[in-house]
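Comments concern the structure below.
Read-outs: derived from the displayed coordinates by stated rules, not from any lab. Owing to the predicted nature of the structure, the values given are computational and were not obtained by experimental measurement. FYI the Cβ positions are ideal-geometry reconstructions off the backbone, even for glycines, and counts take in every protein chain you see.
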Amino acid sequence: MKTIDDLAVGGRHVLVRADLNVPLDGGRIVDDGRIRASLPTLAALTARNAKVIVCAHLGRPGGRPDPRYSLAPVAARLGELLGHRVKLAADVVGPSAHHAIAALRPGGLVMLENLRFNDGETSTDDMERGFFADRLVAPVDLYVADGFGAMHRKHASVYDVPRRLPSAAGYLVQAEVTALSRLTGDIRRPYVVVLGGAKITDKLGVIGSLITAADRILVGGAMAFPFLAAQGFKVGTSLLEESQVDIAAGYLDQAARAGTEIVLPSDVIVAAEPAADTPHQVVAADAIPADRMGLDIGPESARLFAASIVGANTVFWNGPMGVFELSAYADGSRAVAQALAGSNAFTVVGGGDTGAAIRALGYSDSAFGHVSTGGGASLEFIQGRTLPGLAALEEP
Ligand code: ADP
Ligand code: MG
């Protein structure tokens, strides 16, 4: 893969697509992992006297400017981490951006506003997306792909821009591809996958394709409920869509035929609602009361999951085991984090919230083999799918 080390960047306008889509609480950044992960590339480019233009998205503003989704807090934090103020243009391809780009000096850096303030960025219409890409590339010379977490999207800044400019991967993308490649092809076995989180519809299909790749799949978080329901258990008011139950039942059959073990929670922590001050209790997985929702795997399951990780040579974990944002429901994720950190296996943690969870639980990224900044992107990659952003980089 061509990287920034192969580009002559000095004095040139370099557009860097970063993934700075950090979790926000109002205007406060809850976890700055993705900003930190972007630093090596940005620092290298400015040190080599490039004129750096950073573009990124934040949330889903719906194709028009919305101050709630401004990258202002991100620009401020990036400035703190780089040790100098970072100017944020007020638009993406408008007069403010053009003025800021024209004013750049070698070694300087400017950030554009949220890419998704323009509907061309995420449009499914090739012409509309291409038109926006043309406007993005007009004032720049080179493109650097470093937003790994967005590379599974066929978006203008990810897919159409690199097809219009000399391009290379940044250090983050290079590190992600190197690490995640160890989870495709020749995998050191046993290979254990831990899946959780709340994006059930998005992720359920991953289990289908991992049944052939993995030796054992542990399912926690809200992901567990379709499987518990498929076994005929009532799941109360837990997150669940009826259509997911048959899909889960199909995977259980498929796994049994393939000899892949699917490990489900045997107990669950339940409460009336996901709130800090609501009383909670541990119940067996087949005894969830009708008016309670499962918010974490229970203590017996936490021990079972940890024990199921011992002896693995490769572990991939995506999705928290519970609503870890509330301390009452963080123990399941803590048990999995601890099992991975204490393991000799090659361990990969992927997912925006999962990365935030391990850091919130006090683990440093260095306790794991690799902490991916990508949620959807890492899941697509380990299933062997082609990411549009990587494919576009490979084109001449
Ligand atoms: P990632 O960003 O790591 O890919 P997801 O976005 O799929 O993970 O899911 C993260 C969210 O899942 C967290 O905010 C967490 O609170 C939530 N979650 C985990 N377990 C449950 C559960 N049992 N019920 C509801 N939400 C859950
Ligand atoms: Mg998430």
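Ignoring the sites themselves, what is the longest stretch of the chain with no GluC sites (Glu not before Pro) in a DSSP loop and at most 15 other beta-carbon atoms within 10 Å? No qualifying site falls inside 1-240, the longest such stretch. The Glu241 and Asp291 beta-carbon pair, evaluated with R₀ = 25 Å, returns a calculated FRET efficiency of approximately 0.85.
The amide H of Gly220, built 1.01 Å from its N in the peptide plane, has Leu195, Gly196 as neighbours under 5 Å, considering only residues 5 or more places off or on other chains. Neighbour counts of C-beta atoms inside 10 Å place Ile269, Ile211, Ile29 in the sequence Ile29, Ile211, Ile269, starting with the fewest.
Relative contact order (percent) for the chain, with alpha-carbon contacts under 8 angstrom and 6 or more residues of separation?
Details: 855 pairs, mean separation 61.5, N = 396.
Result for the chain is 16 percent.
Between Asp160, Asp32, Asp277, the GNM of the chain built on Cα springs shorter than 10 angstrom shows Asp277 fluctuating the most.
Summarising the amide proton neighbourhood of Ala169: residues at separation of 5 or more, or on other chains, whose placed amide H is nearer than 5 Å comprise Lys2, Thr3, Ile4, Ala145.
Full-extension gain between Leu82 and Asp202, please, as 0.36 nm times their residue separation minus the C-alpha to C-alpha distance.
On the way: separation 120, 0.36 × 120 = 43.20 nm, distance 3.51 nm.
Taking Leu82 through Asp202 to full extension adds about 39.7 nm, to one decimal.
Computed from point charges on the beta carbon alone (+1 for Lys and Arg, -1 for Asp and Glu), the dipole magnitude for the chain about its Cα centre is near 1120 Debye.
Enter the mean projected area of the convex hull around the alpha-carbon atoms of the chain, in nm², rounded to one decimal. Don't skip to the answer; put the middle values down first.
Numbers: hull surface 76.4 nm².
Mean orientational projected area (the chain, Cα hull): 19.1 nm².
Measuring r between the beta carbons of Ala284 and Asp126 and using R0 = 56 Å, the FRET efficiency lands at 0.60. GNM remark for the chain: springs join alpha carbons under 10 Å apart, and the peak mean-square fluctuation among Leu210, Leu81, Leu264 falls on Leu81.
If you sort the three axes of the alpha carbon gyration tensor as a ≥ b ≥ c, you get a/c of 1.5 or more for the stretch 231-385 and a/b no higher than b/c, which makes it oblate.
Look at where the Cα atoms of the stretch 182-246 and of the stretch 328-396 average out, and the two centres are 16 Å apart.
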